[in-house]
Structure formats: C-alpha cells, structure tokens
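A.B. asks: Sharing a structure, written as structure tokens. Questions coming.
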Amino acid sequence: MTELWVQRTGTRRYTGQSSRGAQVLIGSEDVEGVFTPGELMKIALAACTGMSSDRPLSRRLGDDYDATVRVSGDADRENERYPQLDEVLEVDLSELDPEAAERLLVVVERAIDKVCTVGRTLTAGTQVSLTMETE
C-alpha cells in the first residue's frame, strides 16, 4: 500500500509525498507555485473522472484521443466546505454519428458513476478520523 504524508516546508507551505516518489507542493492561495488543499481535491476529482472514462473512450476513439476534464466550485468560507463542484469533460466525438456519440456518452457516464472512487466518496460523504502523536 502506498504511504502518503505531507511535510511542512515553511509558513503555510507543505510538500505532499508518496512512498512511490511523487511530490506535490501545497500551500495557501497567496503562495506562488503551489496547490491549495481544495484545489488538490478538485484535481483528484477531475483526474478520477478522466481515468474512469478512459477505457470506454479509448475503446471507441483509439488510444490517442484527447480529453480535458475541467472542474470548478467556490468554497463556502462561512461553513468551510465546497457545496458544489462542477465538472466538464471535453472530448471530440465529431467522427461519430450523433446516435453513436450519445450511446458512448451514456457508457462513459455509467463508467464514471461506477468506478470513480473520488467522486463516489465525495457524493456519499466519508468519515475522517484524526489521531495526534506528540513527543
């Protein structure tokens, strides 16, 4: 199982790391060159949607198809949560006839609903536990 952690690197600056060697810079919105935690959550959702749609789209369009998943949603700062996240999957289906394109979109939506773990977790909600270890 991949281990994940964040290490503080400065005032409101962290580096997220994985035991597989990946890193991501995290910080507050006023820090240049970093993602905020909320932005990372949105990116995780968009990436999960893209990866969940990859198999049905590549089966029909070929492995070299282009797709972009855009995600947005403003924070409700009074309640410190994101009440609405909106995704847009951009993919060129112009080579398909309208009926084939519509069928493919249904298959893609089903795939996303079934296997996008991030989206399913956000939709269902999840319990989070925190343990604090001190020296």
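The values are calculated or read from the model by the stated rules, or taken from the named source; none is laboratory data. Predicted model only: the values in this text are computed from it and were never measured. FYI the Cβ positions are ideal-geometry reconstructions off the backbone, even for glycines, and counts take in every protein chain you see. These accessible areas exclude ligands, DNA and RNA; they are computed on the full protein's heavy atoms, side chains included. Shrake-Rupley method; radii C 1.70, N 1.55, O 1.52, S 1.80 Å.
A.B. asks: Given a 1.4 angstrom probe, what's the average accessible area per residue across the chain, in square angstrom? If you can, show how the numbers build up before the last one.
C.D. replies: Details: 10650 Å² over 135 residues.
Accessible surface, normalised per residue, equals 79 Å².
A.B. asks: Moving on. Would you please give the residues with an amide H less than 5 Å from that of PHE35, counting only those at least 5 places away or on a separate chain, with H modeled from the backbone geometry?
C.D. replies: Here the answer is LEU25, ILE26, GLY27, since their amide H atoms fall under 5 Å of that of PHE35.
A.B. asks: In addition: Between ASP54 and LEU40, what is 0.36 nm times their sequence separation minus the Cα-Cα distance? Round to one decimal in nm.
C.D. replies: 3.0 nm
A.B. asks: Taking the alpha-carbon centroid of each part, what is the distance from segment 97-117 to segment 7-31 in angstrom?
C.D. replies: 35
A.B. asks: Around GLN17, what is the net charge, scoring Lys/Arg as +1 and Asp/Glu as -1 over all other residues with Cβ under 14 Å from its Cβ?
C.D. replies: Cβ neighbours under 14 Å give a net charge of +2.
A.B. asks: Tell me, what % of the accessible area of segment 54-135 is carbon and sulfur with a 1.4 angstrom probe? Could you put the intermediate results ahead of the total?
C.D. replies: Details: 3080 of 7030 Å².
Reported share for carbon and sulfur atoms: 44 percent.
A.B. asks: Any chance you could give the angle, 0 to 90 degrees and rounded to 10, that helix 37-61 forms with the longest Cα principal axis of the chain?
C.D. replies: 20
A.B. asks: Among residues other than GLU90 whose Cβ falls under 9 Å from its Cβ, what is the net charge (Lys/Arg +1, Asp/Glu -1)?
C.D. replies: That works out to -1.
A.B. asks: Return one number: the angle in degrees, 0 to 90 and rounded to the nearest 10, between the long axis of the Cα atoms of helix 98-115 and the longest principal axis of the Cα atoms of the chain.
C.D. replies: It is inclined by approximately 30 degrees.
A.B. asks: Quick one: net charge of SER53's neighbours, Cβ under 13 Å, K/R +1, D/E -1?
C.D. replies: With Lys, Arg at +1 and Asp, Glu at -1, the net is -1.
A.B. asks: Treat each spin label as a single point 7 Å out from the Cα along the C-beta direction, and report the ASP74 to ARG13 distance in nm.
C.D. replies: Here the answer is 3.0 nm between the modelled labels.
A.B. asks: Take the alpha carbon atoms of segment 1-87, find their radius of gyration, then divide it by 2.2 N^0.38 Å using N residues; give the quotient.
C.D. replies: Cα Rg divided by the expected 2.2 N^0.38 Å: 1.33.
A.B. asks: What spacing in nm lies between the two simple spin-label points modelled at ALA47 and SER28, each 7 Å away from Cα in the Cβ direction?
C.D. replies: Result: 2.5 nm between the two label points.
A.B. asks: If I model a spin label as a point 7 Å beyond the Cα along the Cα-Cβ vector, how far apart are those points for THR121 and GLU90 in nm?
C.D. replies: 2.7
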